[in-house]
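J.: One structure follows; several queries about it will come next.
The values are calculated or read from the model by the stated rules, or taken from the named source; none is laboratory data. None of these values were measured; they are calculated from a predicted model. Don't worry about glycine lacking a Cβ; one is built from the backbone with ideal geometry, like all the others, and counts go over all protein chains shown. Quick note on the areas: whole protein, heavy atoms, side chains included, nothing else; ligands and nucleic acids left out. Shrake-Rupley method; radii C 1.70, N 1.55, O 1.52, S 1.80 Å.
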Amino acid sequence: MSKQAKAPLFEEMLRHMKEARGNFHVPGHKQGRVFDEQAKNYFGAALELDLTEVGELDDLHHPLGVIRQAEELAAELFGADQTFFLVGGTTAGNIATILSLCQPGDQLIIQRTSHQSIFHGCLLADVQPIYLCGEIDPKTGLERPLKPDQLKQVLAAYPRAKGVFLTSPSYFGVVQPLSLIKEICDSFGVPLLVDEAHGAHFTFHSRLPPSAIECGADVAIQSTHKMLTSLTMSSMLHLKGKRVDHRAIARWLRVIESSSPSYLLMASLDLARRDMAQNGKRYIEDTFKVLNQLRTRLKSLSNLMEVSLPGSHDPFKLTLRTRERVMSGFEIAEWLMGQKIYPELADHEKVLFAFSIGNKEEDSEFLYTKLKELDQSIQKMERNQIKWPSVVPQIPEFQQVQFDLRHRKQKLLPLTQAIGQKAAEMIVPYPPGIPLILPGESFTEEMVNYLLQLHRLGGKIRGISSSFAPSVYVVE
Ligand SMILES: Cc1ncc(COP(=O)(O)O)c(C=O)c1O
């Protein structure tokens, strides 16, 4: 049996479950003996495996046994020197990476369109972010891949920067030219860190973009739960080379993550790795077949169309919009939800479908039938009935970010009165979780109009209280 056919952590948990005779440890449900009667059936056998650091079950924060073996197998499969299992999602990995690499006052080059966890990492580490902003593709409103020359200029302008932290792929699937970027980082002697939350499947097929680790990244953090099959909140942090100190990562993960990490989450990482090692290529080929067929059929629709993404991208992400912008993405999503179909994300224009190896032909068949129905009803709709936001806000140029606003006085204002005021909290349309406005940045008229329209069209926005009129906290 090959090493990769083993699941050391899961196997030890099974053995423990079968052999243990006396449970005098936490958690209190005692492997499911006491639990809500109705829910017990649903949680079922999983409760028996909800264990803790007893017997031979090792310790995530000081792994010497089965957790260490499971992490080593993951490192081998994903091409890393070392892999850390994460129970706080890629969020925990992003934050720990920044804390490991930077001292208070350091500079770090990041994208302005980074996920909020990267800004939270900068906040906690007291790091000054230097922004890289890709051009916005006018056709899709999405950020284009970065130009390597742009990175060279920023690195030359900020020689003190401790590293470059990029997101690849983006939520919509846009991939950065990581191999080129890595060469530039090397020439400046700084590490390349990659938030690869949406790219855990890349390792497993040559028709998918290369993974960040394959491109030479020093650190890559993947939400195994997003595009592979582990449980929600379980992720992996892969480390390659010596530029980032593995002991510092381990230390900061101990600070950030629970001291009682879930064995269900950790075992699910062990199992996702084993399943992909054995079947990953076949699973991905099957998903390609499902997607190719769907994409061919979508071409025959008259009113709905696939948005073609700028640059290299992840084919597992499918983005649709109406050709003549008759319906907003929110409305398309709402219509689909009325049919009990749930997409990943919608915005004022588009709807994003996240496919994975779990999507089978029958799912895509049902989706296509419903999309065809929608396509026909769009035909009868009045054209241009939607008022579109006049401007998709451009990402602001670099401003000195005043992250630490904890001790400043704040007041709540209706959004309409916030123009020219400094935000006290992040304003984050969620998903995708990219802050539109950061604490300390000013509300421009364009942003306020955009947010008002986003709000009216049904977008979920963190940082806006909307019990009465949409309002925001600003610095007094
Ligand atoms: C680009 C990106 N990075 C990080 C995260 C956080 O990942 P997790 O949910 O695994 O904490 C997300 C979540 O949506 C994301 O989109």
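J.: In this structure, is Arg408 open to solvent by 70 Å² or more (accessible area, probe 1.4 Å), modelled with pLDDT of 85 or more and either farther than 16 Å from Ser328 by Cα or within 16 Å of the ligand (Cβ to nearest atom) (or both)?
T.: Against the criterion (open to solvent by 70 Å² or more (accessible area, probe 1.4 Å), modelled with pLDDT of 85 or more and either farther than 16 Å from Ser328 by Cα or within 16 Å of the ligand (Cβ to nearest atom) (or both)), Arg408 does not qualify.
J.: Six or more apart or on different chains, Cβ atoms under 6 Å: show the pairs whose first residue is in the range 220-249 and in contact (Cβ under 8 Å) with a residue 60 or more places away in the chain and among the polar types (S, T, N, Q) and whose second is part of a loop (DSSP other than H, G, I, E, B) and crowded, with 24+ Cβ neighbours inside 10 Å.
T.: Between residues of the range 220-249 that are in contact (Cβ under 8 Å) with a residue 60 or more places away in the chain and among the polar types (S, T, N, Q) and residues that are part of a loop (DSSP other than H, G, I, E, B) and crowded, with 24+ Cβ neighbours inside 10 Å, the close pairs are Gln222/Glu196; Gln222/Ala200; Ser223/Ala197; Ser235/Ser223.
J.: For the range 287-301, give me the residue count where each residue is open to solvent by 60 Å² or more (accessible area, probe 1.4 Å) and farther than 17 Å from Val351 by Cα. Steps first, please.
T.: The first filter runs over the range 287-301 and keeps only residues open to solvent by 60 Å² or more (accessible area, probe 1.4 Å), leaving 289, 292-293, 296-297, 299-300.
Going one step further and asking which of them are farther than 17 Å from Val351 by Cα, we end up with 289, 292-293, 296-297, 300.
The total comes to 6.
J.: Next up: So for the range 435-448 (the condition being closer than 20 Å to Tyr171 by Cα, touching a helix residue (DSSP H, G or I) at 6+ places or on another chain (Cβ under 7 Å), surrounded by fewer than 19 Cβ atoms within 10 Å (Cβ to Cβ) and not assigned by TED's automatic domain parsing to the domain that holds Gln128), does at least one residue qualify?
T.: no
J.: Consider the range 5-42. How many of its residues are in a helix (DSSP H, G or I) and closer than 23 Å to Ile67 by Cβ?
T.: 13
J.: Next up: Please count how many residues of the range 414-459 are within 16 Å of the ligand (Cβ to nearest atom) and under 12 Å from Pro470 (Cβ atoms).
T.: Of the residues in that region, 1 qualify.
J.: Could you check, for the range 115-133, whether at least one of its residues is free of Cβ contacts under 8 Å to residues at least 24 places away in the same chain and over 18 Å from Val255 (Cα atoms)?
T.: Looking through the range 115-133, none of the residues is free of Cβ contacts under 8 Å to residues at least 24 places away in the same chain and over 18 Å from Val255 (Cα atoms).
J.: Looking at the range 67-74, is at least one residue in the same structural domain as His238 (by TED's automatic domain parsing), under 23 Å from Leu271 (Cβ atoms) and acidic (Asp, Glu)?
T.: Checked against the condition, which is being in the same structural domain as His238 (by TED's automatic domain parsing), under 23 Å from Leu271 (Cβ atoms) and acidic (Asp, Glu), the range 67-74 yields at least one hit.
J.: May I pose another question? Condition first: open to solvent by less than 10 Å² (accessible area, probe 1.4 Å) and on the phi > 0 side of the Ramachandran plot. Now tell me which residues in the range 43-66 satisfy that.
T.: Result: no residue meets the conditions.
J.: For the range 259-373, give me every one of the strands (runs of 3 or more DSSP E) that falls completely inside it and has 2 or more residues that are in contact (Cβ under 8 Å) with a residue 60 or more places away in the chain, in contact with a Leu (Cβ under 9 Å, 6 or more places away or on another chain) and not assigned by TED's automatic domain parsing to the domain that holds Ala212.
T.: Per the criteria, 317-322, 351-354.
J.: Quick check on Ala250: is it away from the ligand (no atom under 14 Å from the Cβ) and buried (at least 24 other Cβ atoms within 10 Å of the Cβ)?
T.: The answer is no for Ala250.
J.: If you don't mind, there's one more thing I want to ask. Does at least one position in the range 207-214 carry a residue that is touching a strand residue (DSSP E or B) at 6+ places or on another chain (Cβ under 6 Å) and either more than 11 Å from the ligand (Cβ to nearest atom) or more than 18 Å from His115 (Cβ to Cβ) (or both)? Walk me through it before giving the result.
T.: Looking only at the range 207-214, we keep the residues that are touching a strand residue (DSSP E or B) at 6+ places or on another chain (Cβ under 6 Å), and these are 212-213.
In the following step, the residues that additionally are either more than 11 Å from the ligand (Cβ to nearest atom) or more than 18 Å from His115 (Cβ to Cβ) (or both) were identified as 212-213.
Within the range 207-214, one or more residues are touching a strand residue (DSSP E or B) at 6+ places or on another chain (Cβ under 6 Å) and either more than 11 Å from the ligand (Cβ to nearest atom) or more than 18 Å from His115 (Cβ to Cβ) (or both).
J.: Can we say Lys18 is surrounded by fewer than 14 Cβ atoms within 10 Å (Cβ to Cβ), more than 17 Å from Ser234 (Cα to Cα) and touching a residue at least 60 places away in the same chain (Cβ under 8 Å)?
T.: no
J.: Looking only at the range 215-231, which residues are within 14 Å of the ligand (Cβ to nearest atom) and hydrophobic (A, V, I, L, M, F, W, C)?
T.: Within the range 215-231, Val219, Ala220, Ile221, Met227, Leu228, Leu231 meet the criteria.
J.: Oh, and also: Taking Leu193, is it within 16 Å of the ligand (Cβ to nearest atom), more than 16 Å from Ala354 (Cβ to Cβ) and open to solvent by 20 Å² or more (accessible area, probe 1.4 Å)? Break it down stepwise before answering.
T.: Details: within 16 Å of the ligand (Cβ to nearest atom): yes; more than 16 Å from Ala354 (Cβ to Cβ): yes; open to solvent by 20 Å² or more (accessible area, probe 1.4 Å): no.
Judged against the criteria, Leu193 is not a match.
J.: Still on this structure, please answer the following. Of everything in the range 322-342, what is open to solvent by less than 30 Å² (accessible area, probe 1.4 Å) and not hydrophobic (A, V, I, L, M, F, W, C)? Give them in sequence order.
T.: If the condition is that a residue be open to solvent by less than 30 Å² (accessible area, probe 1.4 Å) and not hydrophobic (A, V, I, L, M, F, W, C), then Thr322, Ser328, Gly329 are the ones that fit.
J.: Moving on. Quick check: is even one residue across the range 175-192 of a type in the set (Gly, Ala, Ser) and closer than 21 Å to Asn279 by Cα?
T.: no
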